[in-house]
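A short worksheet on the structure shown next.
Nothing in this text is a laboratory measurement; each read-out follows from the coordinates by a stated rule. Just so it is clear, the model here is predicted, and its values are computed rather than measured. All Cβ positions, even for glycine, are placed from backbone atoms using ideal geometry, and neighbour counts span all protein chains on display.
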Amino acid sequence: MIDWNNHPNIWSAADTLQGEGVVAYPTEAVWGLGCDPFSEAAVEKILRLKGRSASKGLILIADSSDRFASFLQGLDLDHLERFNAICAKPTTWLVPDNGTVPEWIRGEHSTLALRVTRHPVASALCRAFARPIVSTSANPQGLPAATTGDKVQSYFGPGIDFQTEGSVGDSSNASEIRDLVSGQIVRPG
């Protein structure tokens, strides 16, 4: 079994994120494109690569809910418990925006999308970067999400700054998206 937490490939990817680059990495169901959510230039690069509108907003992932602490400030105890509950499948929570996330992450929404990832590569990358990262499917708008590293290369080639090793997890669907306040499922997983 690979120790991703100490893998040089992960540390190179984290260095790329620190340098405002775009990284491709595997997630629970598909390959993702990620960057530092506080780098407007890096986010704009991802949006250009995908042909995606900034108004849609982007998901952030982290290796633990602690990394989202500033984004969760102001939530009541019930909502924090719901967010921290272990879900049977990958779950992205729509959390009320408390003003700590840049507009280019939130898009035209009053919420932000947060997921604690259990994928070993994505989780190790977040841990090495020591902050949440953007996580959007690795595909141009309208095309199927990449499920292999080769497909990422065929879509983006040298447009991405670094691609990790690894493979997608065993989830057959994209993460479920739920509204944290209402508990309503927005997108089944």
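Tell me the net charge near residue 159. Cut-off is 9 Å between Cβ atoms, residue 159 excluded, with +1 for each Lys or Arg and -1 for each Asp or Glu. Net charge in that neighbourhood comes out at +1. A cut-off under 10 angstrom between Cβ atoms defines the neighbours of residue 42, and their net charge, with Lys, Arg +1 and Asp, Glu -1, is -4. Computing FRET efficiency as 1/(1 + (r/R0)^6) for residue 77 and residue 20, where r is the C-beta to C-beta distance and R0 is 35 Å, gives about 0.45.
Remark on residue 59: its backbone amide H falls under 5 Å from those of 135, a criterion applied only to residues 5 or more positions apart or on other chains, H modelled at 1.01 Å from N. On full extension, the segment bounded by residue 141 and residue 184 gains 12.9 nm, given 0.36 nm per residue less the C-alpha separation. Modelled this way, with points 7 Å down the Cα-to-C-beta line, the labels at residue 170 and residue 6 are 2.7 nm from one another. Size descriptors for segment 62-158, from the alpha-carbon set: Rg then Dmax equal 15.0, 45 Å.
Let's test the formula: R0 of 30 Å, r as the Cβ-Cβ distance of residue 64 and residue 150. What FRET efficiency results, to the nearest 0.05? Before the final figure, lay out each step's value.
Numbers: r = 31 Å, r/R0 = 1.03.
So the FRET efficiency works out to roughly 0.45.
Quote to one decimal, in nm, the extra length available between residue 38 and residue 84 on full extension: 0.36 nm per residue of separation minus the C-alpha distance between them.
Details: separation 46, 0.36 × 46 = 16.56 nm, distance 2.36 nm.
Value of the extension gain: 14.2 nm.
The per residue volume of the convex hull around the alpha-carbon atoms of the chain is 110 Å³. For the chain, the longest principal axis of the alpha carbon atoms and the long axis of helix 8-18 meet at an angle near 60°. Working from Cα pairs under 8 Å separated by at least six residues, relative contact order for segment 4-187 is 37 percent.
Computed from point charges on the beta carbon alone (+1 for Lys and Arg, -1 for Asp and Glu), the dipole magnitude for the chain about its Cα centre is near 400 Debye.
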